[in-house]
1. Report the charge-dipole magnitude of region 164-275 in Debye, nearest 20, computed about the Cα centre from +1 at each Lys and Arg Cβ and -1 at each Asp and Glu Cβ.
2. Using only Cα atoms, find the angle between the long axis of helix 218-230 and the longest principal axis of the chain, and express it within 0 to 90 degrees, rounded to the nearest 10.
3. Give me the one-decimal nm value for the distance between modelled label points at D464 and Q231, 7 Å along each residue's Cα-to-Cβ direction.
4. Quick one: net charge of L173's neighbours, Cβ under 15 Å, K/R +1, D/E -1?
5. Which angle from 0 to 90°, rounded to the nearest 10, does the C-alpha axis of helix 187-198 make with the longest principal axis of the chain?
6. At a Förster distance of 51 Å, what's the computed FRET efficiency of D210 paired with K108, Cβ-Cβ distance as r, to 0.05?
7. Using only the Cα atoms of region 164-275, what are the Rg and Dmax in Å?
8. Distance check, please: which entries in K81/K222; K202/K238; K100/K366; K91/K202 exceed 29 angstrom between their Cα atoms?
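Readers should treat all values here as calculations from the given coordinates under stated rules, not as data from a laboratory. Being a predicted model, the structure only gives us computed values, none of them experimental. For neighbour counting, all protein chains shown are included, and Cβ atoms are generated from backbone atoms with ideal geometry for every residue, glycine included.
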Amino acid sequence: MSDAKDAYDVVVIGAGPGGYVAAIRAAQLGMKTACVESRETLGGTCLNIGCIPSKAMLHASHMYAEAGGELAHLGVKVSPKLDLKQMMAHKSETVESNVKGIEFLFKKNKIDWIRGKGQLAGGGAVAITEGKDKGRSLTAKHIIIATGSDSAPIPNVEIDEKQIVTSTGALELAKVPKHLVVIGGGVIGLEMGSVWGRLGAKVTVVEFLDRILPTMDGEVSKQFLRILKKQGMDFKLKSKVTGAKKTKSGVTLSVEPAAGGEAETIEADVVLVAVGRRPFTDGLGLEAAGVETDKRGVIRVDAQYRTSAEGVYAIGDCAPGPMLAHKAEDEGALCVEMIAGQKPHLNYDAIPNIVYTEPEVASIGKTEEELKEAGVEYVAGKFPFSANGRARAMLATEGFVKILADKKTDRVLGAHIIGREAGGMIHEIALAIEFGASAEDVARTCHGHPTLNEAVREAALAVDGRPIHI
Ligand code: NAI
């Protein structure tokens with residue numbers, strides 16, 4: 001039985017970006033809130049072993065690569081020397097300060113951090129089955145599942161997080177591999193492949209489909225492939241890995257054409273498996289609690305994040321939709337606001353998708369392929385960074401901005417950017433879509449000069465056939 005101190009308005013299971021935001025928002029709205037987390041630290045995959053440490057490594061490795069390359073062209077001559085231990089220390093400090101930040105926010109908002117693994121025990125109860133608080137039983141009017149996701153496995157490739165790694169092990173390598181083979185040309189594969197490639201590894205990406213970043217706009221995906229090849233990354237498209245054998249010196253991979261055919265072997269020091277993620281709901285007791293999932297294990301929810309069990313909600317990676325930290329954060333806040341009787345709204349057509357490589361790739365709204373498939377008549381306005389003065393000054397002329405607007409109404413339907421700081425620029429279009437703006441609205445907005453964002457405005461002008469600088 002739970003005692004009064006364990007009786008809550010809201011219990012959130014999982015303290016990743018979805019869960020901790022839900023907990024903070026619930027506390028802000030005056031609800032007595034607890035957040036159950038089995039990891040030693042708060043912040044979930046994103047802060048501990050995902051977004052944050054990978055961005056520390058992406059930034060540091062980019063600096064290293066620039067020091068060994070572009071800086072000389074700018075008249076800054078240096079001979080960089082890699083200190084991987086220090087780079088890893090920077091990564092760990094970054095993680096530590098972020099997770100401590102969440103701890104502070106929990107204290108500030110009087111959220112109880114329950115340490116252990118939560119299990120749905122029926123009738124509004126959450127049992128703590130493992131960890132420091134094992135044996136406690138919490139009760140809550142509302143239970144929010146925010147348990148996230150973990151790496152999807154592939155048959156005959158056994159992860160040991162040393163030679164055959166997921167993104168977790170790829171962030172912890174003790175030395176730069178000579179040959180890193182990445183299975184999966186998606187976000188994780190290309191980001192982590194970039195990190196180790198910049199630090200000196202030969203990187204080969206084996207991708208099942210005929211393109212990388214399969215959900216992104218086709219033109220972006222094609223140009224990005226060219227850019228990465230130019231940076232020295234090797235690609236084996238339309239190929240599948242059928243097995244991995246560990247040897248003394250590394251790993252021997254069997255690779256076959258995706259459509260079937262003759263197999264070949266590839267020798268690697270380290271193999272990164274990055275073929276997607278799946279909802280993580282182990283040990284939650286979903287079935288017994290009457291929480292339905294689809295056949296991929298994704299928890300079914302309605303428009304208010306309510307599952308099939310009374311008083312139980314699900315948000316973030318374990319619920320439907322893209323597996324992105326910012327989508328989870330928004331859903332966390334929204335779910336709690338809806339519980340409080342508010343009527344908030346998230347525009348699922350305006351969720352940015354960013355790959356933090358160099359150049360970055362950023363996308364929002366519809367791709368050309370999606371618009372064609374839906375039979376929507378649209379106009380594409382495109383502007384290359386090679387015609388942008390600031391980009392020239394920064395040696396960042398690779399890539400372009402493409403804006404897709406409805407042919408009749410001129411309403412912005414999507415935008416796709418490859419280029420330095422594309423991830424920042426895409427938010428200009430996020431706002432445009434959110435406010436139902438037309439390409440003309442973007443084109444009529446005065447943009448500071450000289451900025452990379454001027455390329456966004458020029459792409460908007462190009463929708464109407466009147467770009468100035470090209
Ligand atoms: P992903 O879904 O982005 O890419 C997986 C790739 O693997 C796809 O191109 C797919 O065609 C390929 N693939 C699948 N099975 C294969 C096989 N057997 N052999 C070869 N290729 C195969 O998944 P990823 O990169 O693992 O990322 C997982 C999730 O994490 C994604 O939902 C992503 O959005 C999220 N994430 C987001 C980041 C960001 O926003 N910057 C960074 C890292 C992860």
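1. Values: 15 positive and 12 negative charges, 63 e Å.
Dipole size: approximately 300 debye.
2. 70 degrees
3. Going from the D464 label point to the Q231 one covers 3.6 nm.
4. Numbers: positive: K85, K91, K162, K175, K178, R198, K202; negative: D83, D160, E161, E172, E191, D269.
Its environment carries a net charge of +1.
5. Approximately 60 degrees, to the nearest ten.
6. Values: r = 50 Å, r/R0 = 0.98.
Efficiency at R0 = 51 Å is approximately 0.55.
7. Looking at region 164-275, its Cα Rg and Dmax stand at 13.2, 42 Å.
8. On the way: K81/K222 33 Å; K202/K238 20 Å; K100/K366 37 Å; K91/K202 22 Å.
Pairs exceeding the cut-off: K81/K222; K100/K366.
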